[in-house]
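The values are calculated or read from the model by the stated rules, or taken from the named source; none is laboratory data. All values derive from a computational prediction rather than experimental measurement. Quick reminder, even Gly has a Cβ in these numbers, built from the backbone with ideal geometry, and neighbours come from all protein chains shown. The area values use the complete protein model at the heavy-atom level, side chains included, leaving out ligands, DNA and RNA. Shrake-Rupley method; radii C 1.70, N 1.55, O 1.52, S 1.80 Å.
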Amino acid sequence: MPATWSLLPAVQPSPELIAAVGGHPLVARLLAQRGHTDPARARAFLDPSLYRPAPPSALLGVEHAAHILHRAITQRKRILVWGDFDVDGQTSTSLLVAALRRLMGDEAGDEQVRFHVPNRFRESHGIRLGKLKEKLADPAGRPDLILTCDTGITDGEAIGFAKDQGLEVVVTDHHDLPVELQELDPAADPLWGMSPAQAGAASVRRADALVNPKLQPPGDSLRTLPGVGVAYKLVQQLYALCGRSGEEEEFLDLVALGIVADVAEQVHDARYLLQLGLERLRTTRRTGLLALMEVARLTPSAVDAEAIGFQLGPRMNALGRLDDATVAVELLTTRDPIRAGQLAARMERFNQQRRLLTSQITAVAMEMLERSPALLDFNGLVLAHPAWHAGIVGIVASRLAEEFHKPAVLLLTPPGEPARGSARSIPGVDIGAAIAACGPLLLSHGGHPGAAGLSLLPENIDRFRRELHRQIELHRSPETPPGLVIDAVAPWDGIDMHLAEQLRRLAPFGNGNPCPHFMTPGLTVVEDRRLGRDGEHRSLVMRSHAGATLPVLWFKSADVDLPPSPLDLVYTIGINEFRGERKLQLTYVASRPSEQEAIAVAALAAVRAHDLRRTPGLDGVPGPSQAVWYAEGLQVDTPAHPVPYAPRFQVERSAKGRPLVIYSAPPSPEVLRWLYDTLRPDEVYLLGRLTSQDTLEIVTRQVAGMCKYALQRDNVLHINRMAARLGATEGIIRLSLLWLESQGQITLVAWQSSDTVQIARNGSTPNAEETKLIQAELEEQLAEVRAYRRYFLRAPVNALGLPTG
């Protein structure tokens, strides 16, 4: 149990937000604390039908990749899908294989589309050159095209070899970029299809197409997609090319599995896809998934993110950890119910073995910490053992990270071999970047903010532990408070089924949207009862000072001593549904004696805010030489607004820590938060002048004028620059371009990146119906911007989402 409890500072939701979400004020407060202060955005967070996802073409490289696959399908080329052995890789592979086979015709597709999932123990992650040569040596099954998913972005050697053998290669991945791509400007520099002389013989840039959300600009709504999300966006674009838009939605059940099991950050488009995917999963007709739910004793209609995380995901992961994940892809793609039952039963056997090994390794790890408690003094736990199982250490690392609220690395050290293992992180620490910064001590590494893998010489483990301690501090977000984070203090007599129902609206919970933690002080245990076959769980009945009593479920607590009453309790609030009966369920998270010191309120790097929104003139406002200004919109630098134009992309190049002047009223809370996150200023001056006119007529006329100017030069539009010139959101600019195209005024030739589009003069015949649909969406987004600007001008400073202390 962590020594520190951090209570998030209360953010008072606006009356508009409370009314918009139509629920309990505590739900509105939690939304505001998580940055959803704008009523329209909050509604879209709760209801996916109100969210506007980015088009698949906005994902850099997707259009190019889809055209390559479309050509391969029409030419009946043989395609080899190369995946990965975790659940994200399994679902990505299954999605692509099923989708491509469907487009080729299921019977022909079975022959034309094959797949390979690496074996964890013989190959590890990625495209191993020896296995690739083996696949190319088979004359009957030699592929014409290799399509990767959830892997490939660092496999330049194998990609170069495949290109030298005359194959086409399309890479889709979501892991951190190799050095050769990290400093790349996607808008200015071609990403793929380079010759060996241009890119280097072993360069990933020799691929015919590269799709990776890490190439998107910071803050982009697609940047947090996991591998299966990237695969889905590609299939969505491909099905549109084939004239079969909408059919790809049948694969959303696989998307939900991969997002949850990969612990992807559930924000923006990733959350939207998960919400849709869970609905699809509850009505799935996928033979293999139904068989897997049956062995897990799950009712399909009641499956949620928790069921994926604790029931379906572990069973699928067990194959990749202990056997061969190829079985999982076969299960998810088979149409034979008998075969599906056999494969699901095999998964269940391996899951039982996985549970036993996990329990054994966890016990050994905890014993190590008891013998050497000084290991807990480091920012990250680093433990090593010669006999640990390579497929299980990641699970145990995750448990230790959750238990001790710090990143954990577990290594196996077989005699005479390099140490290798897995790392898992906690919110606010990018473990992939922290481990990468230890590169001189490592033989290999790779991963993302939540998880990573690595290998090193055994003699370097102690040095690695010390260096990781330092790097974690450097890669820790200052916005994430330490220790156990508590969302709110709740009165014991105010917890009921209605509150639980309202809190459920915030689900699905996971990375990026954690299940809320509540705390109630001064409780007394009046009943302590054991549950489970071996008494491994407990049911506590706890009473407040006022006499209210509620039961609390405490999992895996048989050997844990409860602090003496009275105690402060941290818990979650949920609903237990069993055999048609629904009951309120509080679940124990942590406790401590009430006599302990008060909980620290997380300040989250508070800034000093100067509220000048109703003050005319610029008296007391530091000039552009003393502060960073944000001033954009068509009316900036006019007689009414005699200030220099200072757009958002200029802010990005400014030095951190300088005061920030918010001269223009931002178009969205995301832009405001981005300004703060980019600069991390100690002081913010809030002026909020209205420098933009957010009407359909003015915005579309100005966008049309920018198009006319671009057509006289290079036919290229930069979305972020257009948005800054109008003081609008980038989504409004994209919709305005689609509106102009539907009227036949321009043609959108190709999205060169999510921020850059090439256009041409004139277009196809105007489509009145399409114009009507796009205009309705555009007017809705413009109304959201107008509403937010009004809110920005009158809301209390502490309700704007800035950490103002």
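Summarised as an ellipsoid, region 33-80 has semi-axes of 38, 10, 9 Å, derived from the eigenvalues of the Cα gyration tensor scaled by 5 and square-rooted, with the largest first. Per the Cα gyration tensor, region 525-573 maps to an equivalent ellipsoid with semi-axes of 20, 11, 10 Å, ordered largest to smallest. Find, among the GluC sites (Glu not before Pro) in region 146-242, those assigned to loop by DSSP (not H, G, I, E, B) with at most 15 other beta-carbon atoms within 10 angstrom. The qualifying sites are Glu183. Using only side-chain charges placed at the Cβ, +1 for Lys and Arg and -1 for Asp and Glu, the dipole size of the chain relative to its Cα centre rounds to 300 debye.
Summing +1 for each Lys or Arg and -1 for each Asp or Glu among the other residues whose beta-carbon sits under 10 angstrom from that of Ala723 gives +1. Of all lysines in the structure, those lying under 23 Å Cα to Cα from Lys556, and not within fewer than 8 positions of it along the same chain, are Lys406, Lys583.
Remind me, relative contact order of the chain in percent, using alpha carbon pairs under 8 angstrom and six or more residues apart?
Value for the chain: 11 percent.
For region 257-404, the fraction of C-alpha pairs more than 28 angstrom apart is 29%. Since only Asn119, Ser94, Leu8 are under comparison, the one whose Cα sits farthest along the positive direction of the charge dipole of region 1-142, derived from C-beta charges on Lys, Arg, Asp and Glu, is Asn119. Per residue, the average separation of C-alpha pairs within less than 8 Å and at least 6 apart gives region 458-587 a relative contact order of 23 percent.
For region 579-712, what is the accessible area per residue in Å², given a 1.4 Å probe and the full set of protein chains?
In whole numbers, region 579-712 has 49 Å² accessible per residue.
Over the chain, what is the percentage of antiparallel beta bridges among all DSSP beta bridges, to the nearest 5? Counting only bridges with both partners in the chain, antiparallel ones make up about 60 percent.
Annotation: peptides 545-552, 445-452, 374-381, 765-772, ranked by per-residue average of other Cβ atoms within 10 Å with the highest first, follow the order 445-452, 374-381, 545-552, 765-772.
Once you divide the Cα radius of gyration of region 441-566 by 2.2 N^0.38 Å, the number left is 1.51. Of the accessible area of the chain, computed with a 1.4 Å probe over protein heavy atoms only, carbon and sulfur atoms account for 51 percent. Counting Lys and Arg as +1 and Asp and Glu as -1 over every other residue whose Cβ lies under 14 Å from the Cβ of Asp714, the net charge comes to +4.
To the nearest µm²/s, what D does Stokes-Einstein give for region 153-207 at 37 °C and 0.692 mPa s, using the Kirkwood radius over alpha carbon pairs as Rh? For these conditions, the coefficient is 290 µm²/s. From the largest down, region 69-193 spans 44, 36, 29 angstrom on the principal axes of its Cα atoms. Temperature 4 °C, viscosity 1.567 mPa s: under these conditions the Stokes-Einstein estimate for region 1-116, based on its Kirkwood radius over C-alpha pairs, is 70 µm² per second.
Over region 701-748, what lengths in whole Å, largest first, do the semi-axes of the equivalent ellipsoid take, defined as the square roots of 5 times the eigenvalues of the alpha-carbon gyration tensor?
16, 13, 8
Computed over region 302-445, relative contact order equals 16 percent, with contacts defined as Cα pairs under 8 Å that lie 6+ residues apart. Note on the chain: along the principal axes its Cα atoms extend 76, 76, 55 Å, ordered by decreasing extent.
Other residues whose C-beta falls under 12 angstrom from the C-beta of Val11 contribute a net charge of +1, scoring Lys and Arg +1 and Asp and Glu -1.
Do the sum for the chain: with -39,500 (n - 2.57) for every DSSP H run of n ≥ 4, divided by all residues, what is the mean residue ellipticity at 222 nm, to the nearest 500 deg cm²/dmol?
That comes out to -11500 deg cm²/dmol.
Over region 653-731, one equal point on each Cα, no solvent: what is log10 I(q)/I(0) by the Debye formula at q = 0.12, 0.15, 0.22, 0.26 Å⁻¹? Debye intensities relative to I(0), on a log10 scale: -0.44, -0.64, -1.03, -1.23. In units of the compact-protein estimate 2.2 N^0.38 Å, region 608-697 shows a Cα radius of gyration of 1.02.
Computed on protein heavy atoms with a 1.4 Å probe, the accessible areas place Tyr630, Tyr272, Tyr645 in the order Tyr645, Tyr272, Tyr630, largest first.
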